[in-house]
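The values are calculated or read from the model by the stated rules, or taken from the named source; none is laboratory data. Source: prediction; values computed, not measured. When we count neighbours, we look across all protein chains shown, and the Cβ atoms used for this are built from the backbone with ideal geometry, even at glycine. Areas reflect the complete protein model, heavy atoms only, side chains present, ligands, DNA and RNA absent. Shrake-Rupley method; radii C 1.70, N 1.55, O 1.52, S 1.80 Å.
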Amino acid sequence: MRINQKLVDGKKGLEYLIVDICQDLDLIAVTQLNVERPKRPQTIMLSDTLSQIELGKWKVLEHSFSPYLYMSDEELLKDKKRRKWLQRRDSSFNIIAPLIDNDELRYNYLFIDSSSILHRLIEASGRSRSYVAKILNRYWYYGSHVNALLPLWRNCGTNQSLPEVPSFDQDPELGKSGPKTRYGSPYRGVTLQDIKHIRRFAKTIPNGGKARLSDLYDQFTRKFMYARVKPMIEEAHEIALPVPRAKLISRNAFKYHFKQNVDQLELIRKAVGTTNFQKDYRGRAGLARQGVRGPQVAMK
């Protein structure tokens, strides 16, 4: 049993990350993992924990941390966007550094009395109690490492690009990439191909009339996602056939990517016409009150 391993109570469904161990006081400082927000570390009895492990009621397991947690600054800075992350990380760490770098203060905070030490950090930093406590809780919760204070460190570098095209290799009944829905089967995830189709589709929206996203979604799915069958008859037209939800993107996903990739001013221009758009909607330089006469304006 060592620091950054986790203790799992299978019966109660609790998971604790080991923050520190004090054999002199027979205590283990732990922070609970299966919570929405990191909490302040608490202590449990070392001897009782060992007994629970021997009885098979508790287990000691390795905890899985993100590989970005232990990256050097040089590795992180390979992506220039992360420079601001490091600045925020260092700014946060400087607030709690007097505690982290002092073994005696760290020992007292985890095993003796945390309130007085927390008060000293608040006074020294000039930040609020909730802010300082949040930083400390995150530090212990994410592995007691300076990179634990990276903003949303679990997502650092994990914003993967979208797949090129949808994949239907997996049986739709066994699971899909889309989110669960209240009724029916989940939708599939969005791909780069879908975004290209959304941009193409936007250019075909006719002029005159306000474009409703709900109606546009129905038109988009019929045009780009429905199966198409052409009867074996001369001069017959293709027929669009509905497909299961597992082969469609959701209505909300379409609305989000439509707004991200289609110029909203262009939609207004299509709705009101070019002349009215130039007259009433296009951007203008200066102030709205410019040229307006007011009190005490001399009339010529």
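Numbers for the structure displayed
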| read-out | value |
| --- | --- |
| Condition check for Ser167: at pLDDT below 90, touching a strand residue (DSSP E or B) at 6+ places or on another chain (Cβ under 7 Å) and open to solvent by 20 Å² or more (accessible area, probe 1.4 Å) | no |
| Selection within the range 198-251 - within 18 Å of Pro186 (Cα to Cα), in contact (Cβ under 8 Å) with a residue 60 or more places away in the chain, of a type in the set (A, V, I, L, M, F, W, C) and not in a helix (DSSP H, G or I) | Leu248, Ile249 |
| Which numbered condition Pro172 misses (of (1) modelled with pLDDT of 85 or more; (2) open to solvent by less than 70 Å² (accessible area, probe 1.4 Å)) | (1) |
| Answer residue from the range 95-135, given it is of a type in the set (Lys, Arg) and touching a Pro at 6+ places or on another chain (Cβ under 9 Å) and is surrounded by the most Cβ atoms within 10 Å (Cβ to Cβ) among those | Lys134 |
| Of residues in the range 191-214 being under 14 Å from Glu266 (Cα atoms) and either small (Gly, Ala, Ser) or in contact with a strand residue (DSSP E or B) (Cβ under 9 Å, 6 or more places away or on another chain) (or both), the one surrounded by the fewest Cβ atoms within 10 Å (Cβ to Cβ) | Gly208 |
| Only one of Ser92, Ser64 that is under 19 Å from Leu150 (Cα atoms), open to solvent by less than 30 Å² (accessible area, probe 1.4 Å) and either touching an Asp or Glu at 6+ places or on another chain (Cβ under 8 Å) or of a type in the set (Gly, Ala, Ser) (or both) | Ser92 |
| Residues (of a type outside the set (Asp, Glu), in a loop (DSSP other than H, G, I, E, B), without any contact (Cβ under 8 Å) to a residue 24 or more places away in the chain and open to solvent by less than 50 Å² (accessible area, probe 1.4 Å)) located in the range 18-57 | Val35 |
| The range 259-300: number of residues that are surrounded by 10 or more Cβ atoms within 10 Å (Cβ to Cβ) and modelled with pLDDT under 75 | 2 |
